[in-house]
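The values are calculated or read from the model by the stated rules, or taken from the named source; none is laboratory data. What you see is a predicted model, and the numbers here were worked out from it, not measured in a lab. Here Cβ is always computed from backbone atoms with ideal geometry, including for glycine, and neighbour counts include all displayed protein chains.
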């Protein structure tokens, strides 16, 4: 299968996961498993296939910026890196959504945080932690007043 097609299919699969995560009801455990487990698992298989097939060939590694540059000079490994992001960001987004649900955060508040997680990974995680932490502390603070 051409790399562009794998790129497109991987992105579409991840987008389906994000749509489920943001818009679908979370009361159905089987549907929650799709963005949290099923899609990240499928994307991880794609990643593993590229890594196993091309990593040794690249001559790159993780020891320096130059090694990473060399690693990603192969299109197959650049695609593997992208699929890695898609899988991990979605899985982390699902965990964050579950945590935000636990503190009673409304979906309208979750949606921009999940969007930031999708687009800018760690920025979304930071926003989720700060927002969740604030909600966890707020009731205690109000109870003391």
Check your understanding: Does residue 64 meet the test of being under 25 Å from residue 116 (Cβ atoms) and either out of contact with any helix residue (DSSP H, G or I) (no Cβ under 9 Å at 6 or more places or on another chain) or exposed (fewer than 13 other Cβ atoms within 10 Å of the Cβ) (or both)?
Key -> no
Point to revise | Qualifying position, being touching a helix residue (DSSP H, G or I) at 6+ places or on another chain (Cβ under 7 Å), surrounded by 15 or more Cβ atoms within 10 Å (Cβ to Cβ) and touching a residue at least 40 places away in the same chain (Cβ under 8 Å), among 71, 79 | key: 79
**Study point:** Options 91, 105: the member that is in contact (Cβ under 8 Å) with a residue 12 or more places away in the chain and outside any helix (DSSP H, G or I)
**Key:** 105
Check your understanding: Do we find a residue being surrounded by fewer than 12 Cβ atoms within 10 Å (Cβ to Cβ), closer than 16 Å to residue 20 by Cα and either modelled with pLDDT of 90 or more or out of contact with any strand residue (DSSP E or B) (no Cβ under 7 Å at 6 or more places or on another chain) (or both) anywhere in segment 83-106?
Key -> yes
